[in-house]
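The next block holds one structure in the form of structure tokens; read it before the comments.
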Amino acid sequence: MKVFKTKTELKTYFKEIRSENDKIGFVPTMGALHQGHLSLIKQSKENNHFTIASIFVNPTQFDKKEDLDNYPKTLESDLDLLEKAACDIVFAPSIEEIYHDNIVSIHFDFDGLENEMEGKYRAGHFNGVGTIVKTLFEIIAPTNAYFGEKDFQQLQIVRKMVKKSKLNVSVIGCPIYREESGLAMSSRNKRLSEKEKKAASIIYKVLKKVVEKSSSETISDIEQWVSVEFKNHPLFDLEYFTIADIETLKTVSKLSPNSQYRAFIAVYANTVRLIDNISINT
Ligand code: PAF
């Protein structure tokens, strides 16, 4: 496995090894890797000649400095995991290599997708994501790029950015990878106490129950039920729960048989923010 820290080194290596028809699979990450990331690497390896992962904790997508400071940074063990997963190339640039001395986001218009859910609670987050993903796509020029459906809004926003910027990359969404308890795998889970981690199985349990309820109950009754489930919980605070159309990401108050929906949730365990979602059309 080759590890590069600069664009020049990476591009020079690509020139040596890349033939015109080679498919390049790309898995962008912020490190603190878990099985969910490795499942993306596996999928990329099955469909491409080369797989490249990036490890870069992108400062412009954090709305709170404290969250950026606390984000787990585990480069050595990440490289170890990627090596074992037979990843071909890792791009792990410094902040200066990506942003020079101007750590700011591009302002994107994602046709309103950026104003829903996460966008309401994390100011500027999606401009930061768009900026780094576009930059990495331009450096790497992948054929296929792999994103987990846990960050479903991010996935739809990256698809929108690719379409609007006319980039020649296929964006592939991959199923959420879960712990045995049902907790969606996330780098942030590393910051949960054992007690919180165990109790966090409630999030997926609630989402599964929501799917069950969606065939017989109104959305407003379901929303009410979810809020009661978390109201007096000793460990978790519900930030939002919503059922939204998967294309517009707008909250709906009624399901129509012609559209597809997902239920989305964000909860806090102390200062750790956890998100999850589930398809309603199963
Ligand atoms: O999902 C993530 O880990 C990040 O948002 C991404 C896509 C690597 C961009 O920094």
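No lab work stands behind these numbers, since they all come straight from the coordinates. Treat the numbers as computed from the prediction; the structure is a model and nothing was measured. Cβ sites come from the backbone with ideal geometry, for glycine too, and all protein chains shown count toward neighbours.
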Could you grab me the full set of residues in region 221-238 that are exposed (fewer than 13 other Cβ atoms within 10 Å of the Cβ) and either among the hydroxyl-bearing types (Ser, Thr, Tyr) or touching a Phe, Trp or Tyr at 6+ places or on another chain (Cβ under 7 Å) (or both)? SER227
When every residue in region 88-114 that is within 15 Å of the ligand (Cβ to nearest atom) and touching a residue at least 60 places away in the same chain (Cβ under 8 Å) is compared, the one nearest to the chain's Cα centre (by Cα) is LEU113
Given (1) among the acidic types (Asp, Glu); (2) surrounded by fewer than 19 Cβ atoms within 10 Å (Cβ to Cβ); (3) within 15 Å of the ligand (Cβ to nearest atom), index of the condition GLU20 fails: (3)
Can you tell me how many residues within region 115-163 are without any contact (Cβ under 8 Å) to a residue 60 or more places away in the chain and either more than 12 Å from the ligand (Cβ to nearest atom) or of a type in the set (S, T, N, Q) (or both)? 9
Of all residues in region 78-111 being among the small types (Gly, Ala, Ser) and closer than 23 Å to PRO59 by Cα, the one that is surrounded by the fewest Cβ atoms within 10 Å (Cβ to Cβ): SER94
Close pairs (7 angstrom Cβ cut-off, 6 or more residues apart or separate chains): over 27 Å from ASN168 (Cβ atoms) and touching a residue at least 12 places away in the same chain (Cβ under 8 Å) in region 19-36, of a type in the set (Phe, Trp, Tyr) and in a loop (DSSP other than H, G, I, E, B) anywhere: GLN35/TYR177
Residue list for region 121-138, restricted to those being among the hydrophobic types (A, V, I, L, M, F, W, C) and surrounded by fewer than 20 Cβ atoms within 10 Å (Cβ to Cβ): ALA123
Identity of the residue in region 184-205, among the hydrophobic types (A, V, I, L, M, F, W, C), surrounded by fewer than 21 Cβ atoms within 10 Å (Cβ to Cβ) and more than 16 Å from the ligand (Cβ to nearest atom), that ends up nearest to the chain's Cα centre (by Cα): LEU192
Those residues of region 65-86 which are in a loop (DSSP other than H, G, I, E, B) and within 15 Å of the ligand (Cβ to nearest atom) amount to TYR71, PRO72, LYS73, THR74
Per the filter on region 1-49, residues of a type in the set (Lys, Arg) and over 20 Å from ASP80 (Cα atoms) are LYS7, LYS11, LYS15, ARG18, LYS23
I'd like to know if region 31-43 contains one or more residues that are crowded, with 18+ Cβ neighbours inside 10 Å, closer than 20 Å to VAL133 by Cα and either over 19 Å from the mean Cα position of the chain (by Cα) or among the charged types (D, E, K, R) (or both). no
Filtered residue count, region 116-160, keeping only those that are under 16 Å from the mean Cα position of the chain (by Cα), farther than 18 Å from ILE265 by Cα and assigned to a loop (DSSP other than H, G, I, E, B): 1
Residue count for region 45-58, restricted to those that are surrounded by 14 or more Cβ atoms within 10 Å (Cβ to Cβ) and either out of contact with any helix residue (DSSP H, G or I) (no Cβ under 8 Å at 6 or more places or on another chain) or touching a residue at least 60 places away in the same chain (Cβ under 8 Å) (or both): 8
When you check GLU118 against the structure, is it of a type in the set (Asp, Glu), surrounded by fewer than 19 Cβ atoms within 10 Å (Cβ to Cβ) and under 27 Å from LEU183 (Cβ atoms), yes or no? no
Counting just the residues of region 23-58 that are among the polar types (S, T, N, Q) and closer than 23 Å to LYS5 by Cβ, which one comes out farthest from the ligand (Cβ to nearest atom)? ASN48
